[in-house]
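These notes concern the structure reproduced below.
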Amino acid sequence: MKAVWPVRVLPILPTIIVLGFSAPTVMAAEVLDEIQVVGVTPNSSLGIDESQLPFAVQSVSAKELTDSITLDLSDYMNSHFSGVNINSAQNNPLQPDIQFRGFSVSPLLGLSQGLAVYQDGVRVNEPLGDAVNWDLLPESAVQSMSLISGASPLFGLNTLGGALSINMKNGFTSTDERLDVSAGSWGRIVSSIESGGNNGRWGYYLNLSRFEEDGWRDLSDSEAMNLYSSISWRSDYGSALDLIYQQGDSDLTGNGSLPLGLLQLDRSAVFTAPDITENDMQMLNLKSSLRLSESIAVSSVAFRRENTTDSFNGDGSEFESCQYFGGQQSLFEEADDVEDRLADQLGIALDSICEGNDDSVTSFAELEFLIEQRANGLGLEAEDFELEDIIEELSGDGVISDDAINNISRRKQRSEGFSTQLEVSDRLIGLPNEFVLGVAYFRGVSDFEAIMELSDLDPQTRSTEGLGTGLFVDEAETNIATSTKTYSIYFTDTIQVSNALSVTASARFNRTDIVLRDRSGERPELNGNHRFSRLNPALGFSYDVSESASVYGAYSESNRVPTPIELACNEGVFEVARQYAIANGDDPDDIDFECRLPNAFLADPPLDDVVTQSVEFGIRGDWAMGDYRISVFNAVNRDDILFQTTGRATGLFANVEKTRRRGLESALSGRYKRLHWSASYSYLQASFEDDFLILSPNHPSANTEGELLVTAGKRLPGLPEHVAKMSVSLDLSQAMSLGAEIVYNSSQIIRGDESNELDSVNGFTVLNLRAQYSPSEEFQIFARVTNALNVRYENFGLLGESPREVLPNLGDMRPIFLGAGAPRGGWLGFSYQF
């Protein structure tokens, strides 16, 4: 097996170019087009009817995306795809969390991801935390998009709830020159220009798109630019070669959720600012296909992707400054319990000392000496009064401030890989048969650096921008390197047992190696080597009940390995740190075991990989006016990975034994004369299936250790049970059309309330309107209004710290933060086809 799996991409590129591979699969259409996915193909590219698929697929074409006048792909899915909802955790239109059947895909680093996303056959989940940056997926360059349901093993790791496959345009699918521009609310301007063409053998495509806005909230300006280009070659016999280059550059501000008390006063306000994310991405992709005969094809994809992400987050401070008599200073983390013990048992009033009122203490060293002296005199252990949360190590020339902090980080991520597969369409035991066999390799390398700067806070804007003190907390510095390698071999076989019945069997074996290395030399406990291996099977069928209806069903398994972020504190990390201290003559009991990573995430070792077992049954077909689809599903996650907050901007990851997501999806569409319409409804029951304790110290029911009891049957936070959507379009004439969309989400549990005891985030209904007028074939004017009824709603909630430190005069001090939906907005634009 090792001889089959290469470990680097560049040595095989000449072979790939000569053979001319690509990695096609299928999407839902009458005879399905190709869905390019690295190492993944639910069925052969040689062609298969939708009725033979053992899973559900939702698809959209370039024309449908254009006609919808949505902002981007996430906006379209939220408005039209059943079972999909988004939230405003970041509160930036290009940074939503997308949830499908209770599984998430998000740009937020550290959120547990459960969907795989592919663009032109390249898996674009970033290697450090499986996050997906929607700002780097330009909608205007998309040819088609498909959302495939279920834990299909063929789509590789992370396909717990499904996979999103995106095909981009090329010179053979897009042969016009087109300019689109729109402008309107919040200073938003969206523009794109594209050009494509071919001479029958060679083709080119070029797309440049730009987004900019001031944002509907304060201090929320953002911009993004994407360049997408390709050179393509096609033969007379079905062989193809595409060389693709993409560059993305974005500067996004997402100032997050608001405390309940501030939200009630001003929905456009910002709690603390700024929260800036800058992406700089480049990607090169080579895909090709060689058709050896009408029944045999060889295909492959090879790619290299680099993305540098800079983050700047201003936040309230957890520190207290202490200025001793004589002028020396120290910085403390808030530790009320330590202060209480000092005052009660030793008679030392820390507040009095820090205000300079005790002239016997002039420095941090004298404070330590005073504690030891008092403790010994009373026969107590001085170690019991060590201020474990004191931050002693500071760097820089600035002045100590306890107003705020700036969390500044940079992560450089590079991924590369390839996939090669053989596709055969022939007869097996006398029956029509589609067989695919492939191998794949993925390598992701990440460098992460983070520092914490003390800062002042503007009392009016609550922003730290430009107010940094130049003083950095050394103990909060992080510098790590990670490497992820995944080797895969897979197959799928679809046999047509009869004219009505098709059976599909598939499996994929993945082996993933993850390495973490501390580059600072100060945190050896971060070092770790991890290996995960698993064979994921799937078996499904499709049966044509009639010419217009078919039923299908499938059982499938898939797994998600812990990301480098989640494995930051690996198994045995504490013992490693202790041995390191002993070897250097230090007291192992004085070692700080906290791992400081993005948002101070750390793991509670060991972490197992998540395994999803999924069952789905459904019926689909067409009727007199359109088509329909109904499905029921049940997905069980074993060893689900859950983020637990420590109450501040820190937390830890831990496995939860069992969670379940089950429900129903239905969709119906039709056309009557000039009226086009579609409607969908989905029901989701997402729950914990075991009893356990979770950290949630800000919850009123938490025990003295900050733990909350969760019992089996409690709902998973952040997921509405009911989602309903309806879209209508009326052609008033050949030149004029009007449209509307209605989206309903029911209530959801807030994060941090896994015990389901607090008030939930209310459900909401939003109405969007659109209009198009085409005075000629080349020119079109369009308009879009979102949240036309100006509904005040929230679609996200979590428990945080009390806002008292930042807003001491706020009326409602409950530690509940909500993500507010955008108010009414309107845009007017035009498109011109040259």
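Placing dummy labels 7 Å off each Cα toward the beta-carbon, the span from residue 247 to residue 214 is 3.0 nm. Extending 7 Å from the Cα toward the beta-carbon at both residue 397 and residue 671 defines two label points whose distance is 7.2 nm. Here, the stretch 84-226 is characterised by an Rg to Rh ratio of 1.01, where Rg is the alpha-carbon radius of gyration and Rh the Kirkwood radius. Considering only the Cα atoms of the stretch 465-547, their convex hull presents on average a projected area of 11.8 nm². For the pair residue 555 and residue 292, the difference between a 0.36 nm per residue extended length and the Cα-Cα distance amounts to 91.4 nm. Each residue of the stretch 492-504 was assigned a 3J(HN,Hα) from its phi angle through the Karplus expression (A = 6.51, B = -1.76, C = 1.60, θ = phi - 60°), giving 8, 9, 10, 10, 8, 5, 8, 4, 9, 10, 10, 10, 10 Hz with x at Gly and Pro. Each residue of the stretch 798-803 was assigned a 3J(HN,Hα) from its phi angle through the Karplus curve 6.51 cos²θ - 1.76 cosθ + 1.60 (θ = phi - 60°); the sequence is 7, 8, x, 7, 4, x Hz, with glycine and proline shown as x. Each Lys or Arg adds one and each Asp or Glu takes one away; over the other residues whose Cβ falls under 9 Å from the Cβ of residue 737, this sums to 0. Taking packing as the residue-averaged number of other Cβ atoms within 10 angstrom, the listed peptides 279-286, 362-369 run from highest to lowest as 279-286, 362-369.
Its alpha carbons considered, the chain gives a radius of gyration followed by a Dmax of 28.3, 97 Å. An ellipsoid equivalent to the stretch 680-804, defined through the eigenvalues of its Cα gyration tensor, has semi-axes of 44, 16, 10 Å when rounded to whole angstrom and sorted largest first. Solvent-accessible area of the chain (1.4 angstrom probe, protein heavy atoms only): carbon and sulfur portion equals 52 percent. A 1.4 Å probe run over the protein chains yields, for the chain, 40 Å² of accessible area per residue, whole-number rounding. Any of 63/169; 169/725; 485/658 with alpha carbons more than 20 Å apart? Name them for me. Over 20 Å Cα-Cα: 169/725; 485/658.
Compute log10 of I(q)/I(0) for the stretch 104-143 with the Debye formula, placing one identical point scatterer on every Cα and leaving out solvent, at q = 0.17, 0.24, 0.26, 0.30 Å⁻¹, to two decimals. Here the Debye-derived log intensity ratios amount to -0.43, -0.79, -0.89, -1.08.
Here the Karplus relation 6.51 cos²θ - 1.76 cosθ + 1.60, evaluated at θ = phi - 60°, turns the backbone of the stretch 436-453 into coupling constants of 10, 10, x, 10, 8, 9, 9, 9, x, 10, 9, 10, 10, 10, 9, 9, 10, 10 Hz, with x for every Gly and Pro. Taking every DSSP helix (H) stretch of at least 4 residues in the chain, weighting each as -39,500 (n - 2.57) and dividing the sum by the residue count yields a mean residue ellipticity at 222 nm of -2000 deg cm²/dmol. Label zone (residue 278, point 7 Å along Cα-to-C-beta; backbone nitrogen cut-off 17 Å) within the stretch 294-310: 307-310. Its Cα gyration tensor gives the stretch 200-336 an equivalent ellipsoid. The semi-axes, each the square root of 5 times an eigenvalue, are 53, 20, 14 Å from largest down.
The values are calculated or read from the model by the stated rules, or taken from the named source; none is laboratory data. Bear in mind that the values here come from a model prediction, so they are computed numbers and not experimental data. Glycine gets a Cβ as well: all are built from the backbone with ideal geometry, and neighbour counts include every protein chain shown. For accessibility, only protein heavy atoms count, side chains too; no ligands or nucleic acids. Shrake-Rupley method; radii C 1.70, N 1.55, O 1.52, S 1.80 Å.
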